[in-house]
Amino acid sequence: MEFSERDNVKYLLELRDREELRKIFDRAYQVRIQYLGPKVYLRGLIELSNICIKNCYYCGIRRSNTLPSRYLMREDEIIESALWAFQNKYGSIVLQSGERRDSLFIESIGTIIEKIKEQTDGKLGITLSLGEQKYKVYEKWFAAGAHRYLLRIETSNKSLYEKLHPANHSFEKRKNCLTTLKKIGYQVGTGVMIGLPMQTVDDLVDDLFFFKEMDVDMIGMGPFLTSNNTPLNQQFPVHFADKEELLKLSLKMIAAARLLLKDVNIASTTALQVLKYDGREQALKCGANIIMPNITLRKYRPYYRLYDNKPCIEENSELCKMCLANRIISIGEKIGYDERGDSLHFQKTKYRNTIKIFYNS
Ligand code: 5AD
Ligand code: SF4
Ligand code: FES
C-alpha cells in the first residue's frame with residue numbers, strides 16, 4: 001500500500017481489523033528502523049513556567065483559569081536542570097512554557113540559552129517550545145544557540161481551530177510562525193491533538209498532509225485529554241470516554257505519520273501514558289523515535305497541568321530517568337545516550353539546499 005494517497009491514509013485511520021492493524025504498525029516500525037536506526041533519543045523536558053497570555057479553550061493553564069498557582073522557575077534552576085540532563089547523558093533538552101512576549105521573558109530566555117550553551121561546550125541540543133513570537137525574537141534565540149522549535153498547529157482545520165480558541169488567536173499567524181522558524185534555520189516541529197471534539201477523520205488526514213506540505217522536521221502529537229475547569233471540558237463533558245479507542249487512534253496517527261514522512265523525528269508524548277500505562281512504549285513500536293523525560297523540578301510539577309491525570313507529577317528527574325530507561329529497554333529498544341538525535345529530514349534538506357546554492361553560484 002502506497003502511503004502518498006489520501007484514501008490509503010484514511011483507510012488506516014479507520015481500520016478496525018486487529019491483525020491488519022498490527023501489520024501496518026510493524027511496517028511503520030520497520031520504516032523507522034530503516035531510516036533512523038535502532039535508537040530512541042531523549043529530550044529532557046523543562047516546563048519552566050505555567051504563566052500564559054493565551055486562553056486556548058482546552059488547556060489547564062490558560063490565562064483565565066484561576067485554579068493553578070502560577071510559577072516561573074528561576075534562571076539558575078533552569079540552568080541547573082539543563083546541566084543535570086547533560087550530566088545524565090541526555091543529548092537534548094526542551095525548554096517549554098506558557099506563552100509570554102514581554103521583553104523581560106525574551107531577554108531571560110536568551111541569557112539562559114547562552115549560559116546552557118557555554119556550560120555544556122555547545123554539545124547539548126536545545127529545543128524551544130515557547131509559543132508564537134516575533135521574527136526578531138525567534139532570530140535572537142536562534143543566535144543565542146537554540147536550534148529546534150516546537151509549535152503545534154493543534155489542528156490544520158482553520159474553522160475547527162477557531163472553535164477551540166478565542167477570536168484573538170489566529171490560525172494564520174500560527175502557521176506563519178512555522179514558516180518563519182524554518183526560514184531562520186531551526187529544525188521545526190509541529191503537531192496536533194487527536195480526538196478533539198468536532199474533529200473528523202478527514203481533519204486528521206488533512207493534518208498529516210499539512211505536516212508534509214509544511215515540510216516539517218519533527219512531529220509531536222498526542223491525544224486530546226479532558227482538562228478540568230476549561231471551557232471545552234464544560235462544553236463536551238463526556239467526550240471520548242473510551243480510552244482504548246483514543247489510544248488506538250493516536251497510534252494510527254503516529255504510524256501514518258511515519259509511513260508518510262519517513263525520515264522525520266516523531267515524539268512519543270506523555271499524554272499517551274494517560275490513556276494506558278504503556279502508551280508511550282506502544283508508540284515507539286508504531287514509528288515514534290523520541291521520548292521526552294520530564295526534568296522539571298519536582299516542586300513545580302503539580303502546577304504545569306495542561307490536562308487531567310498528567311503522569312510524573314509526584315516523581316523527580318531521577319525517578320523519571322530510571323522509569324523511562326526501564327520502559328524503553330523492556331521493549332527491546334536502545335537509548336541514544338549522549339547523542340543529539342537531530343532530525344534526519346532536516347539534515348537531508350540542509351544538504352540539498354547547500355548543493356543547490358553550490359550549483360547556482
Ligand atoms: N489535552 C491534550 N493536550 C493538550 N495540550 C494543551 N491542552 C491539552 C489537553 N487538554 C497540548 C497542546 C499544546 C501542548 C503544549 O499541550 O497541544 O500545544
Ligand atoms: Fe497557553 Fe499553550 Fe495552554 Fe494555549 S495550549 S493556553 S498557548 S500553554
Ligand atoms: Fe516519570 Fe515514569 S517517566 S514516572
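The values are calculated or read from the model by the stated rules, or taken from the named source; none is laboratory data. Since we're looking at a predicted model, the values are computed, not measured. Here Cβ is always computed from backbone atoms with ideal geometry, including for glycine, and neighbour counts include all displayed protein chains.
Of the set (1) within 25 Å of Gly125 (Cα to Cα); (2) within 13 Å of ligand 3 (Cβ to nearest atom), all apply to Glu314 but (1). Applying the condition of being among the polar types (S, T, N, Q) and part of a loop (DSSP other than H, G, I, E, B) to region 47-88 and asking which residue is farthest from ligand 1 (Cβ to nearest atom) yields Asn88.
One residue stands out among those in region 200-255 that are assigned to a helix (DSSP H, G or I), buried (at least 19 other Cβ atoms within 10 Å of the Cβ) and of a type in the set (Val, Ile, Thr): the one that is farthest from the chain's Cα centre (by Cα), which is Val205. Considering Leu12, Leu36, Leu45, Leu72, the condition of being at pLDDT 95 or above and either surrounded by fewer than 18 Cβ atoms within 10 Å (Cβ to Cβ) or farther than 20 Å from Ile266 by Cα (or both) is satisfied by Leu72 alone.
Results for (1) farther than 26 Å from Glu47 by Cα; (2) among the acidic types (Asp, Glu), shown as yes or no for each residue.
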site	(1), (2)
Leu272	no, no
Asp278	no, yes
Glu281	no, yes
Asn289	no, no
Asn294	no, no
Ala325	no, no
Thr349	yes, no
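For every residue, the table says whether it meets (1) free of Cβ contacts under 8 Å to residues at least 24 places away in the same chain; (2) over 30 Å from Tyr71 (Cβ atoms); (3) in a loop (DSSP other than H, G, I, E, B).
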| site | (1), (2), (3) |
| --- | --- |
| Val274 | no, no, no |
| Pro302 | yes, no, no |
| Lys310 | no, no, yes |
| Glu314 | yes, no, yes |
| Glu318 | yes, no, no |
| Phe346 | no, yes, no |
| Lys350 | yes, yes, no |
| Asn353 | yes, yes, no |
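The number of residues in region 262-272 that are assigned to a helix (DSSP H, G or I) and either of a type in the set (Val, Ile, Thr) or more than 16 Å from the chain's Cα centre (by Cα) (or both) comes to 0.
On the stretch given as region 257-314, residues that are closer than 21 Å to Leu36 by Cβ, more than 13 Å from ligand 1 (Cβ to nearest atom) and hydroxyl-bearing (Ser, Thr, Tyr) total 1. Could you tell me whether any residue of region 103-116 is without any contact (Cβ under 8 Å) to a residue 40 or more places away in the chain, under 19 Å from Ile46 (Cβ atoms), surrounded by fewer than 18 Cβ atoms within 10 Å (Cβ to Cβ) and touching a Phe, Trp or Tyr at 6+ places or on another chain (Cβ under 7 Å)? Yes, the conditions are met somewhere in region 103-116.
For region 113-163, a tally of residues being within 16 Å of ligand 1 (Cβ to nearest atom), among the basic types (Lys, Arg) and not in a helix (DSSP H, G or I) returns 2. A single member of Leu232, Leu259, Leu225 is within 20 Å of Lys158 (Cα to Cα) and either aliphatic (A, V, I, L, M) or in contact with a Lys or Arg (Cβ under 9 Å, 6 or more places away or on another chain) (or both), and it is Leu232.
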